[in-house]
Amino acid sequence: MKQFCMMALAGLLVVGCQEVPKGYVINGEVENMPDGKIYLKSFRNKMFFDVDTAEIKDGKFTFKGEVDQPLLFGLATESMNYPVQLFLENTDMNVKIGNDGETITVQNSPVNDVFQENAEKVFEEGYDIDSLISKYPDSPAAAFYLYRYFTYQLSLDDLKATRAKISPALANSPYVKDLDGIIKQLEHVQIGQVAPEFSLPDTAG
């Protein structure tokens, strides 16, 4: 009897694990826009690309899907000049877009907590990106800020020292990979290094 109960309990645990939702859900709201369309956009190479569309009904919309890792995305209605930005991760997120089309709040997303907290601060003079990486070494949002805004503001030594604080768990993040590529390029153009090969046309073309 005891063995049967243990097996039954194990079965319930397996079922319970299988019922855990996989992927992301964006439960969104757009202020002062009862109906229309909204687009989910991926961000790559400093540009946004449409990946999904949802209908806005009574000011609300929903997106569902799955991402391999947390990445920067955008949301935009047809009347918005530029997408509002958020990190998409596999969780149930509550999103609210302000009626100005420029503000966004995201709840129930640890990555977005870091992203939103620093969205304006990173543009302030004297912002300490090293402290952000030290505080959140495993946050894709922190790695994104280092790659996107500070690769050419920091000296090479400072950039490498801050990069070294990023968690190995983010080794496959495109932001970390791009950052590593930039560091290699900067290393090749330092004084004392052999200049990279290049060619130019002569007067005859």
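In nm, to one decimal, how far is the modelled label at ASN81 from the one at ARG44, with both set 7 Å along Cα→Cβ?
A separation of 2.8 nm, rounded to one decimal place.
For the pair ALA171/VAL67, report the inter-label distance in nm, with labels modelled 7 Å from Cα in the Cβ direction.
Inter-label distance under the simple model: 2.2 nm.
So how much slack lies between ASP158 and GLU31, counting 0.36 nm per residue of separation and subtracting their Cα-Cα distance, in nm?
Here the answer is 41.5 nm.
How much accessible area does LYS121 have with a 1.4 Å probe, in Å² rounded to the nearest 10?
Estimated to the nearest 10 Å², LYS121 gives 80 Å².
Between the stretch 25-49 and the stretch 72-109, what is the C-alpha centre distance in whole Å?
The stretch 25-49 and the stretch 72-109 have Cα centres spaced 6 Å from each other.
Which of TYR145, ALA169, PHE63 sits farthest toward the positive end of the charge dipole of the stretch 48-205, with +1 on the Cβ of Lys and Arg and -1 on the Cβ of Asp and Glu?
ALA169
Using the per-residue mean of other Cβ atoms lying within 10 Å as a proxy for protection, in what order, highest first, do the peptides 67-75, 79-87 fall?
Values: 67-75: 18.6, 79-87: 17.0.
Ranked by mean Cβ neighbours within 10 Å, highest first: 67-75, 79-87.
Please list, or write none, the aspartates and glutamates whose alpha carbon is within less than 20 Å of the alpha carbon of LYS160, excluding same-chain residues fewer than 8 places away.
LYS160 reaches ASP128, ASP130, ASP138, ASP178, ASP180, GLU187.
Give me the aspartates and glutamates in straight-line cross-link reach of LYS22: C-alpha distance below 12 Å, same-chain residues under 8 apart excluded.
Partners found: GLU66, ASP68, GLU89, ASP92.
Given points 7 Å out from each Cα along the Cα-Cβ axis, report the ILE183 to SER131 separation in nanometres with one decimal.
Once both label points are built, they end up 2.3 nm from each other.
Quote to one decimal, in nm, the extra length available between ASP58 and GLN107 on full extension: 0.36 nm per residue of separation minus the C-alpha distance between them.
15.6 nm is the gain from fully extending ASP58 to GLN107.
Write down the accessible area per residue of the stretch 100-171 in Å², having rolled a 1.4 Å probe over the full set of protein chains.
Details: 3960 Å² over 72 residues.
Here the residues of the stretch 100-171 average 55 Å² of exposed surface.
The values are calculated or read from the model by the stated rules, or taken from the named source; none is laboratory data. From a predicted model like this one, the values you see are computed outputs, not experimental measurements. Positions of Cβ are generated from backbone atoms using ideal geometry, with glycine treated the same way; all protein chains shown enter the neighbour counts. Side chains included, ligands, DNA and RNA excluded: accessible areas come from the protein's heavy atoms. Shrake-Rupley method; radii C 1.70, N 1.55, O 1.52, S 1.80 Å.
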